[in-house]
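Taking it in order: structure first as structure tokens, then the write-up.
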Amino acid sequence: MPSVTPSHRLRVRTRPPFDAGSEPLRIVDLFAGCGGLTLGAAQAAAANERKLEIALAVDFEPLAAEVYSRNFPFAEQVESEPVEAFFDGELGAPITLTEKRTKASAGAIDVLLGGPPCQGHSNLNNHTRRVDDKNALYLRMVRAAEVLRPTVVLIENVPAVRNDRHDGEGVVARATRHLTNLGYEVAEAVVDLDALGVAQSRRRHILLAIAAEGRVLPTSLFESIGSDTRRDLRWAIGDLVDIVSDDPMDRPPQAKGPNRERMQYLLDRNEYDLPNELRPACHQGNHSYKSMYGRLKWDEPAQTITSGFGSIGQGRYMHPERARALTAHEAARIQGFPDYFDFSSCPTRSALATMIGNAVPPALAASLIGAYLSHASASTEDRTERVALPA
Ligand SMILES: C[S@@+](CC[C@H](N)C(=O)[O-])C[C@H]1O[C@@H](n2cnc3c(N)ncnc32)[C@H](O)[C@@H]1O
């Protein structure tokens, strides 16, 4: 029988040929993780019949780089090194020798993507000591833009990044000022992921910078996204309730005795929030943890997926109809990763939890880069038409 591609976009099992197409869209992804932003750019490129070229992807976690390479085998360079090993100059300073090498091998870049870490990180090493906090990592994206001069820069982070400061100045303000001085139009927004068709309440801060040759204003891109159908949990994972498999992606998390009893309590009474007296003593009383030990609802989006999705003590992660927390497969679907995305080189449930919890839902870059590509080509057509008009 010929294979039929399911119409449900998360159930597609065959990876589209992202490196097919005519005109290339050439990207660099820093702090790339497993590649959520890249996948979004790939989807946008495919929807616009463009061929994705990945000049460079960097993440210092070898497992992340491995999953990335598995999913984007055509990437020219995937490095498990600190980003600072490629971009080591200060903002505004002359391009270093290292940066000259990075630029020479990357070539002309259309889109620079990056989601610098939003929690403090511990694995600092020699490369990272000079710029040694997460706020400085945010500004590495700006330095990379200064070196590579891409047409579009997209920096993703948590909304609270607006409170982060470095050397006495907010990092977002500093990034904006510097990118503006480089000649970019810059805009920022907090984007609701559930308005982009992701079955999850998740809000992310985006800084978007577009060079003059991009012919599009970043504010117009923010204005043109966000009208996708809102999706609920049943849409994302309704078909995965009783999958039996030894694959770490589908193996249900095993809860300890008290948590099993808590889940059974909610199922037996058809309730969604655990009463105070059944919570651990430290969570009782006047607490702000209502969603902890909570049960998810089929007809609503999930709460924000974090690396804690496999434990009901970490948030509202109990399955709507089973006495268990979410599987990695379910969490990946809720993040918006289609089944063709291959996490198989990530060997354990805990490594999977970190990678999937850290990931940026592909819909984010798919919407913004997709909007950029269609605006840019519309403005090219418009110019061509105007040029073609008789005098
Ligand atoms: C929020 S996650 C990025 C998610 C990714 N952008 C996506 O779309 O799925 C941040 C990533 O930055 C990586 N990271 C943190 N500090 C780094 C550094 N100094 N150099 C390279 N990678 C780093 C972490 O390993 C983690 O995978």
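Would you confirm, using the coordinates I've provided, whether Asp339 is in a loop (DSSP other than H, G, I, E, B), in contact (Cβ under 8 Å) with a residue 24 or more places away in the chain and open to solvent by 30 Å² or more (accessible area, probe 1.4 Å)? Spelling it out, Asp339 is indeed in a loop (DSSP other than H, G, I, E, B), in contact (Cβ under 8 Å) with a residue 24 or more places away in the chain and open to solvent by 30 Å² or more (accessible area, probe 1.4 Å). Just for the stretch 97-108: of the residues that are open to solvent by 10 Å² or more (accessible area, probe 1.4 Å) and of a type in the set (A, V, I, L, M), which one is farthest from Phe86 (Cα to Cα)? For the stretch 97-108, the residue satisfying everything is Ala108. Looking across the stretch 33-67, the residues that are part of a loop (DSSP other than H, G, I, E, B) and either closer than 28 Å to Leu240 by Cα or of a type in the set (Ser, Thr, Tyr) (or both) come down to Gly33, Cys34, Gly35. For Ala75, the criteria (1) small (Gly, Ala, Ser); (2) open to solvent by less than 50 Å² (accessible area, probe 1.4 Å); (3) outside any loop (DSSP other than H, G, I, E, B) hold in every case but one, which is (3). Any residue at all in the stretch 285-304 that is under 20 Å from the mean Cα position of the chain (by Cα), more than 18 Å from Arg231 (Cα to Cα) and either of a type outside the set (A, V, I, L, M) or outside any helix (DSSP H, G or I) (or both)? Among the residues of the stretch 285-304, not one is under 20 Å from the mean Cα position of the chain (by Cα), more than 18 Å from Arg231 (Cα to Cα) and either of a type outside the set (A, V, I, L, M) or outside any helix (DSSP H, G or I) (or both), which makes the answer no. For the stretch 355-378, a residue qualifies if it is under 13 Å from the mean Cα position of the chain (by Cα) and without any contact (Cβ under 8 Å) to a residue 60 or more places away in the chain, and exactly one does: Gly357. Inside the stretch 161-176, residues that are part of a helix (DSSP H, G or I) and out of contact with any strand residue (DSSP E or B) (no Cβ under 8 Å at 6 or more places or on another chain) make up a count of 1. A search for C-beta distances below 7 Å between a residue of the stretch 50-73 that is assigned by TED's automatic domain parsing to the domain that holds Asp29 and any residue that is away from the ligand (no atom under 14 Å from the Cβ) and of a type in the set (Ser, Thr, Tyr), counting only pairs 6+ apart in sequence or on different chains, returns Lys51/Ser22; Glu66/Ser345; Val67/Ser345; Arg70/Ser345. Can you pull out every residue in the stretch 24-69 that is more than 16 Å from the ligand (Cβ to nearest atom), open to solvent by 10 Å² or more (accessible area, probe 1.4 Å) and in contact with a strand residue (DSSP E or B) (Cβ under 7 Å, 6 or more places away or on another chain)? Within the stretch 24-69, Pro24, Arg26, Arg50, Lys51, Glu53 qualify.
The values are calculated or read from the model by the stated rules, or taken from the named source; none is laboratory data. On a predicted model such as this, the values are computed, not experimentally measured, just so you know. A quick note on method: Cβ atoms are made from the backbone with ideal geometry, for glycine too, and the neighbour counts reach across all protein chains shown. Only protein heavy atoms, including side chains, enter the accessible area calculation; ligands, DNA and RNA are left aside. Shrake-Rupley method; radii C 1.70, N 1.55, O 1.52, S 1.80 Å.
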